[in-house]
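First comes the structure, then the notes that go with it.
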Ligand code: SDX
């Protein structure tokens, strides 16, 4: 017995690892972080609280949260020389290409937090990554639109600081909109961690070799970029825009069901959830709230809700247990806030960094952990002798 759950030895024989961070029941549509349901965390806590919870195992008391938040905000600035690093990219470089490059380069600037055998250095690296990702992502956006970088303003909240660095300009004061700030924080919470998904498994595998934490997170960013994974939020909004209006939904539903058509309903289906992704429910509610409070009417949101209703009644999706996932509605909110679709996956990476570093720390601090070595089923030719070139 581990806590309230029966520990099924049969399951561990196929599991890639043991972890106490996040629990998912794909059939029931349950997602818990250290035992707390995602909908309660999204509605009642802050992203800083969830970061503390994932890293330390318990919700923080007020003084613990204040100390943790102070620590994170003191790491938000980026080494000034890294700003020149951005100038090596083309202006139209995808923000995820920039994130991969800049995060991978961090170990060249923060040598004093790359010794993975030192628990203090591991935690400093974790705090640095959580703190600097908003700065790195905002700078990627600023560079893409040809605007000057803004330094962090540590008097603001984590999400407020990020919004100001992204949408503020030196020429005028920036007022953080509390509606947008709260939505941003909730979106970060919904993306914080998700058990052993592809990018987290990438971070763990890279970390198992002893690679420094910055390189491991860069590997996770690269994996998350794929349209089947974190890239789905960008693909889902592009798909909704391509559909354009409710009358065209049946055509795309038919394409998604056609085995000869590679088209997939982006933001639908999941490797684990065979029920509604609990994050998608919160995301849809948040989309409603944000559009209403911002007075934004986006026909894309109507298309999304209509598409969901039709798909959930369609035999193909019902039989294959395909439901909206976290990526289906997130783009509607991010677009309403003002982010270009190219930034959506960068925001996913920003939020997932806490999950990646928490999972990495959990693995690295296990004295029994060994280098990962997935096995294969060999399907090639049996042994044979070399044939000289003139006899082939
Ligand atoms: C994330 O793992 C995580 O936890 C990831 C994540 C996280 O937080 O880290 O939750 C984030 O990556 C969410 C998923 C985002 N991706 C998308 O929305 C892309 C669109 N969805 C798919 O491409 C797909 O659903 C996957 C990749 C997510 C899962 O693919 P699988 O493993 O093939 O899904 P499945 O086994 O449940 O599929 C069952 C059937 C298959 O058809 P058959 O082979 O049985 O004939 O349903 C089909 C699939 O081809 N199918 C779809 C579909 N998803 C699956 N058909 C149409 N549209 C879809 N979206």
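Below is a table of values for the structure above.
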| read-out | value |
| --- | --- |
| Gained length - residue 316 relative to residue 28, 0.36 nm times residue gap less alpha-carbon distance | 101.7 nm |
| Listed residues 95, 381, 340, most fluctuating in the chain (Gaussian network, C-alpha, under 10 Å) | 381 |
| Spatial separation of Cα centroids for segment 52-66 and segment 312-381, in angstrom | 24 Å |
| Helical mean residue ellipticity (222 nm; -39500 (n - 2.57) per DSSP H run of 4+; nearest 500) of the chain | -17000 deg cm²/dmol |
| Exposure proxy ranking, count of Cβ atoms within 10 Å, fewest first, for 51, 17 | 17, 51 |
| Stretchable slack from residue 370 to residue 386, in nm (0.36 nm times residue separation minus alpha-carbon distance) | 2.1 nm |
| Square roots of 5 times each gyration tensor eigenvalue, C-alpha, the chain, largest first, Å | 31, 30, 24 |
| Highest-MSF residue in the chain out of 58, 292, 195 [GNM, Cα springs under 10 Å] | 292 |
| Exposure proxy ranking, count of Cβ atoms within 10 Å, fewest first, for 378, 276, 158 | 378, 276, 158 |
| Ranked 164, 392, 271, 34, criterion: other C-beta atoms within 10 Å, fewest first | 392, 271, 34, 164 |
| Part-to-part distance (alpha-carbon centres) for segment 188-228 and segment 155-181, which is given in Å | 28 Å |
| Among 93, 183, 219: highest mean-square fluctuation, GNM of the chain, C-alpha pairs under 10 Å | 93 |
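Bear in mind these aren't lab numbers, they're just calculated from the coordinates by the rules spelled out. Keep in mind that this is a model prediction, so the values were computed, not measured. So basically every Cβ, Gly included, is an ideal-geometry build from the backbone, and we count neighbours across all protein chains shown.
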